[in-house]
Each structure stands twice: as structure tokens, then as C-alpha cells.
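Working notes for the structure below.
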Amino acid sequence: MPELQLAVIDVKPGAATESQSGLQMLRPRIYGAYSVPVGRKRTAAIVMHPTSNFMGHYLIAPLAERGICCLGLNSRYAGNDTVLLMERAIQDLGAGVKYLRAAGYERIVLIGNSGGAALASFYQAQAEKLTAHHFADGDPTHLHADDLPPVDGIALCAAHQGRTKLLLDWIDPSVTDEHDVLSADPALDMYNPLHAVPYQADFLAQFKAAQKARLDRIEAWALERLRVLRSTPGAPRDQAFMVYRTHADPRCVDLSIDPNDRAPGSVWGDARAVNYSVNAMGRTTSLTAFLSQWSSRSQADGPSNLARTSVPSLLLTYTADQSTFPSTRDAWLAAGGARIRNVDIKGGNHYLAGQPQLVTVAADAIAEWAHALA
């Protein structure tokens with residue numbers, strides 16, 4: 001098996017509070033792990049997520065064994081998306097691309113796994129035509145074309161459409177008090193025994209409308225709060241806040257909705273427990289991070305960005321995934337058009353956890369596709 005090596009990459013500084021480490025603030029760096037395949041340095045891949053630690057990603061070693069250097073790269077926000085700005089995360093991804101180019105690799109592809117799919121698509125869209133000159137709150141990004149060298153292809157695995165769509169699908173519409181984790185309108189509570197599975201069509205329609213209404217309310221509050229802070233002398237330019245109960249997707253318990261081969265529940269266990277947990281998707285955030293990641297103002301929607309790219313794409317659909325579904329696959333395929341093809345990884349769960357034979361299938365598919373790129 002190829003030896004694992006450490007990548008240490010300097011990045012441009014952003015806000016001083018992006019890291020709590022004094023050393024990291026003085027010299028901002030990101031870190032990755034990779035294996036160098038034997039032979040000519042021809043093809044390399046980067047697998048990166050906005051916040052998850054991918055230095056131990058399951059594709060690093062298998063792709064190296066197939067002649068592809070795979071860099072599992074972490075953004076500056078690894079393990080903490082409280083202040084994560086998607087526009088800064090693509091800047092980190094660009095630093096990784098530069099690192100591999102400087103190492104001599106002729107062809108570089110991005111592997112967008114899970115939430116990394118929207119990140120990879122956002123990156124390449126901006127690399128081909130830079131439009132993200134401002135963050136969602138209006139501040140300048142100071143991104144430059146040199147920060148974002150384009151890549152040669154994008155492979156998507158268990159691919160979410162992006163954090164703005166994810167929260168819209170997952171936010172609990174039954175919350176009646178944003179400051180009380182227990183507050184609930186039973187008429188909109190999918191976990192209340194009042195609503196039996198399979199859910200009725202009228203309940204699902206009310207549920208979906210109420211999800212959007214809650215998210216719209218939070219977004220309007222965030223914008224107004226920013227306006228107040230930034231018009232008040234001496235006030236901070238941002239603040240943190242909580243978004244309770246962000247794991248209420250009816251598909252977690254009703255397998256007749258968007259059916260695939262999944263088992264009931266969440267990728268993290270019992271869906272209701274995750275919904276009420278202390279640390280969950282989007283639970284703790286700042287005003288600016290909420291707007292950049294989770295709001296309708298986010299520039300990082302996956303399929304719409306993929307549609308703006310011109311490179312070949314590959315989609316790996318894990319058919320037993322509990323958090324991406326046939327409708328997710330269809331959105332990516334529609335965005336990619338003739339440039340994208342789908343490969344089903346039959347029986348694959350979201351992380352291919354405990355499925356080494358399916359890791360082999362996925363690595364084979366990506367390697368075959370990447371080696372064939374002109």
C-alpha cells in the first residue's frame with residue numbers, strides 16, 4: 001500500500017476569528033493527506049468537504065493503488081462550520097489545486113463527496129468565470145482568478161445538492177420558539193405519533209411549506225440583525241446564534257418518499273435524536289456564515305454551479321444512502337447534461353461504512369473515468 005504523506009499548505013488569511021489557534025491565525029494553513037502512486041505523476045484528485053476531516057478518506061489509498069494521487073484536504077474550517085464562508089472554502093481548495101500542480105501533476109480532478117459535491121461545483125464554476133466578488137452579506141471576498149486554477153473534471157459521490165438545499169429539506173417546521181429546543185406545534189411535528197407513516201400528501205405539503213417559511217424567517221432576521229449591528233457605532237459586525245432542530249426530513253422515516261434501498265433512520269442514527277442533539281447540521285452559526293452556507297442567498301448551490309461548468313463529470317449514486325435520494329441524482333444529472341454520467345453503487349450507504357467491496361467498486365469507477373480524460 002502506498003505510504004501516506006502530509007500536505008501542509010499556506011493559505012491567504014481571512015477573518016481573525018476563523019481559527020481559535022493563535023499560531024493558525026498568525027500563519028493560516030490547511031492540511032491534507034495523500035499517497036503518491038508509483039510511476040509518472042500524471043493524474044491527481046482532491047477530495048474535500050467544507051468542514052469534515054477528509055485526511056482519512058476511504059478513497060485515498062484505493063486511488064493511489066490505481067495510479068491516482070488522491071489528496072484528502074481539509075479547509076480552514078475543519079470540524080467547525082460556525083463561521084464557515086463557502087467563498088473562503090473554495091479559496092482553500094484552490095490552494096490545494098496549486099499544490100498538486102506545483103508537484104508536477106498534469107491532470108487534476110475534484111472528488112465531491114457528500115457536502116463536498118457542492119463545494120467542488122462552486123469551485124469549478126468560479127474557476128471558469130469568477131462572479132463571487134462579494135459574500136452573501138455584501139462584504140468583498142477579494143477573490144482573484146489566480147486563487148482558483150481550473151481543474152479537468154469533477155466526480156461526485158453520495159452528493160448533496162448543497163447546504164442551502166439541505167437545510168431546506170431538513171429544518172424542523174414544528175419549532176414555535178427559536179429560543180426553546182422543546183417548542184413544537186404537533187400539527188407540523190413529523191415525529192409526533194399523531195402523524196402515521198406513510199405520511200399523507202396534505203401533511204407533506206403543509207410540512208414543506210412550513211419548512212420554507214421557517215427558513216425564510218431566520219434569513220430575514222439574520223439580515224435585519226446584520227443591518228442593526230453594522231449601523232450601530234462600536235457594535236460587532238457579526239454574532240453567533242443557534243438554529244434548533246435541523247434534522248426533520250420525512251424521508252428518514254417514510255421510505256415510500258423518494259424510495260431507494262435505504263433503511264429507516266439517519267446517517268447518524270435515530271433521526272429524532274439527531275434532530276434534538278446539541279451538535280447537528282447548522283446548529284451553531286454566525287449571521288454571515290448562515291447567509292453564505294444555509295440561506296437562499298448562498299452562492300454555493302451544487303447543481304446550478306455544475307451547470308455553469310464545462311468539464312466532464314461523473315456521478316456515483318449510493319443506492320442505500322439515507323441522505324441522498326433518486327431526486328438528488330436527477331438534479332445532478334439534469335445540471336450536468338451530456339457531460340455527466342451516473343454509476344450506481346448498489347447497496348452503498350452514505351459513507352460506504354463497513355462496505356470495503358463497494359469502496360473498490362467506487363475507486364474502480366473513478367479511476368477508469370479519470371484516466372480516460374483527455
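The values are calculated or read from the model by the stated rules, or taken from the named source; none is laboratory data. All of these numbers come straight from a predicted model, not from anything done at the bench. No Cβ is skipped: glycine too gets one built from the backbone with ideal geometry, and neighbour counts run over all protein chains shown. Side chains included, ligands, DNA and RNA excluded: accessible areas come from the protein's heavy atoms. Shrake-Rupley method; radii C 1.70, N 1.55, O 1.52, S 1.80 Å.
For this structure, a couple of remarks:
- If the condition is being part of a helix (DSSP H, G or I) and farther than 20 Å from Ile154 by Cβ, then the range 89-109 contributes only Ala102.
- Test: Pro150 is within 16 Å of Ala45 (Cα to Cα) and either open to solvent by 10 Å² or more (accessible area, probe 1.4 Å) or part of a loop (DSSP other than H, G, I, E, B) (or both): yes
- Neighbours by Cβ (under 9 Å, 6+ apart or cross-chain): first from the range 251-278, more than 13 Å from Asp169 (Cβ to Cβ) and without any contact (Cβ under 8 Å) to a residue 40 or more places away in the chain; second among the hydroxyl-bearing types (Ser, Thr, Tyr) and open to solvent by less than 30 Å² (accessible area, probe 1.4 Å): Ala273/Ser266; Val274/Thr246; Val274/Ser266
- Segments classed as helices (runs of 4 or more DSSP H), wholly inside the range 265-343, with at least 2 members that are closer than 20 Å to Lys212 by Cα and in contact with an Asp or Glu (Cβ under 7 Å, 6 or more places away or on another chain): 287-293
- Residue that is most open to solvent (accessible area, probe 1.4 Å), among those in the range 175-189 that are more than 14 Å from Ala248 (Cα to Cα) and touching a Ser or Thr at 6+ places or on another chain (Cβ under 6 Å): Thr176
- Complete set of residues in the range 54-73 that are outside any helix (DSSP H, G or I), among the aliphatic types (A, V, I, L, M) and crowded, with 23+ Cβ neighbours inside 10 Å: Leu59, Ile68, Leu71, Leu73
- Every listed requirement among (1) without any contact (Cβ under 8 Å) to a residue 24 or more places away in the chain; (2) closer than 26 Å to Thr164 by Cβ is met by Gln357 save one, (2).
- Remark: pairs (first residue in the range 331-346, farther than 17 Å from Gly153 by Cα; second residue among the β-branched types (Val, Ile, Thr); Cβ separation under 8 Å; 6+ apart in sequence or on different chains) = Asp344/Thr317; Asp344/Thr319; Ile345/Thr317; Ile345/Thr319; Ile345/Val361; Lys346/Thr319.
- Any hit, the range 192-199, residues being under 17 Å from His247 (Cα atoms), not basic (Lys, Arg) and not in a loop (DSSP other than H, G, I, E, B): no
- Some residue of the range 292-300 being within 13 Å of Leu84 (Cα to Cα), open to solvent by less than 40 Å² (accessible area, probe 1.4 Å) and not polar (S, T, N, Q): yes
- Only a single item in (1) out of contact with any strand residue (DSSP E or B) (no Cβ under 8 Å at 6 or more places or on another chain); (2) modelled with pLDDT under 95 is not met by Pro186, and it is number (2).
- Residue match in the range 18-39 (condition: in contact with a Phe, Trp or Tyr (Cβ under 7 Å, 6 or more places away or on another chain) and farther than 30 Å from Ser286 by Cα): no
- Among the conditions (1) touching a helix residue (DSSP H, G or I) at 6+ places or on another chain (Cβ under 8 Å); (2) assigned to a loop (DSSP other than H, G, I, E, B); (3) open to solvent by 40 Å² or more (accessible area, probe 1.4 Å), the only one that Arg76 does not satisfy is (3).
- Residue check, Thr317 surrounded by 14 or more Cβ atoms within 10 Å (Cβ to Cβ), closer than 21 Å to Ile257 by Cα and under 19 Å from the mean Cα position of the chain (by Cα): yes
- Considering residues of the range 199-212 that are more than 23 Å from the chain's Cα centre (by Cα) and surrounded by 13 or more Cβ atoms within 10 Å (Cβ to Cβ) only, the residue nearest to Thr164 (Cα to Cα): Ala210
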